[in-house]
Amino acid sequence: MHIGRHRGDASEDAVYGDSVEGLSFVTADDSDLLVSEMNCSLSRGSSYESVLATARWRPSGSLVMTPYTSTVSYLDGFTLRPFMNESAFITRNFDFTDVALVSEEEMACYAVGDSVTENSQVMAVYAEGDVWLLVGSESSSTRYRVKVPSYGWQGVLKTWGFAAATYDDLDVSTASELGTYPLVSGFANYRNGSLVSTIEDSAVYVMADDAALPIDRWETLLMLGWEDRDVVEVAADEFERVATVVGNCTTGSYCLDSTDVVTCGGPHEDGGTTYPAERGGDTGALVDTDVETGHDAEESDSSASQSSDSTLSLVWQTPSSVRADEISLSGEFIDSSGMSYGWSPNIATESNSDLVALDLTARPGDSFRFSVEYVIGGATSWSCLAPYPPGTIMGTAAAMFNGNSIDVRVADDPSSDGCGLVVTIPQ
């Protein structure tokens, strides 16, 4: 570090004053570097690289730019998608206050993908007793609508750039207007790239690929350049229901730490935490008009999906992501014709974990009824508690089929007065 001084009239240009020898501190090596050996100039000076650790990676959904260019890019997985004009950025309801200044070295760690050039739109409307997000311009072939959950809908919309306290704060849409946007299954999640925290806790989560990643400490947030960003605060019970996958830094599950941040290429390069995009989840590319929402915005050919098997992925996570001593998932597969393959105990089990996952080969119209038993501190509980109806869901359950989120609902247990969970793949 070089500290210089100047002697002269402060109202005059520096050329009329005299430079005064300063101080130099060198921490990169043990040799002394004299001030007289430094080459200091606004245009021809030598550059000195910091020995402090700086960011080389950040989660998908982040907005970044360097100090040397006005171009803002959206980070889609490990690929930068540059916005070629301000309108393309603003019409997607992004905010410049969420853009982080990053180094050219970090930018070099990402691939560069297609530019975003076309305008789009994101709307929040109230129609037929529900809140909806309409994403994409009306002329876009990839436009879609997704229902916002009735619980915590204000927090979800705030991450998408809408401030609404009551339904009266939203535009009203008709059924015919909604019909112009193809429906995707499931519910809207907090927007990828947004920062969310619960009112009851100080932890800050960043949404990435529809998972809530806790940031391990304040220094990591500062390293990412996010200290001035708005953090959306929501109630803890709403957060647990909206966020389908929640990380836990205590267990090392989906935790964003400084080791990952300073590694070019991210956690998959340093053997750190596995993130949703790396486990084959929906990476939700930022296409010409749309942004990722946790649901596939493009309609697939239904005849093709009917003719071939695909994977139904289930994930169940303990309440508040507390590590369980034992987790056991049992279930019953029912095909589209209604034929049951019988109840199978302990299909998937985990020890000393906060989640259990299961992949099944399935087709549209098939269902899977299941129950999860877990033990924490010697106490046994289940994924759904009696009485039924209505039944009380414990923990967080999420299901995906062909990249689409599918609702996981409470189901009756025909052998008792209890309840379980069921997921049905839409036809």
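The values are calculated or read from the model by the stated rules, or taken from the named source; none is laboratory data. Here the structure is a predicted model, which is why all the values come from computation and not from measurement. Here the Cβ is made from the backbone with ideal geometry for all residues, glycine too, and neighbour counts use every protein chain on show.
Within segment 49-99, restricting attention to residues that are of a type in the set (S, T, N, Q) and under 21 Å from residue 216 (Cα atoms), the residue that is surrounded by the fewest Cβ atoms within 10 Å (Cβ to Cβ) is 54. Residue selection: residue 405 satisfies the criterion of being touching a His at 6+ places or on another chain (Cβ under 8 Å), modelled with pLDDT under 85 and within 22 Å of residue 238 (Cβ to Cβ). Taking the criterion of being assigned to a strand (DSSP E or B), surrounded by fewer than 21 Cβ atoms within 10 Å (Cβ to Cβ) and among the hydroxyl-bearing types (Ser, Thr, Tyr), the only residue of segment 391-423 that qualifies is 392. Picking from residues in segment 72-85 that are part of a loop (DSSP other than H, G, I, E, B) and out of contact with any Phe, Trp or Tyr (no Cβ under 7 Å at 6 or more places or on another chain), the one that is farthest from residue 95 (Cα to Cα) is 77.
Scanning segment 198-247 for residues that are assigned to a loop (DSSP other than H, G, I, E, B), among the polar types (S, T, N, Q) and without any contact (Cβ under 8 Å) to a residue 60 or more places away in the chain yields one hit, 202. Filtered by the rule that a residue be charged (D, E, K, R) and within 15 Å of residue 321 (Cα to Cα), segment 353-372 gives a lone residue, 354.
Residues in segment 138-181 that are of a type in the set (S, T, N, Q) and surrounded by 17 or more Cβ atoms within 10 Å (Cβ to Cβ) were compared, and the one that is nearest to residue 238 (Cα to Cα) is 154. Looking across segment 359-379, just one residue is small (Gly, Ala, Ser), exposed (fewer than 14 other Cβ atoms within 10 Å of the Cβ) and assigned to a strand (DSSP E or B), and that is 379. Residues in segment 358-369 include at least one that is under 22 Å from residue 248 (Cα atoms) and either not assigned by the TED database to the domain that holds residue 147 or not hydrophobic (A, V, I, L, M, F, W, C) (or both). Take segment 154-197 and flag every residue that is modelled with pLDDT under 95 and part of a strand (DSSP E or B). Result: 171, 172, 183, 184, 185, 186, 187.
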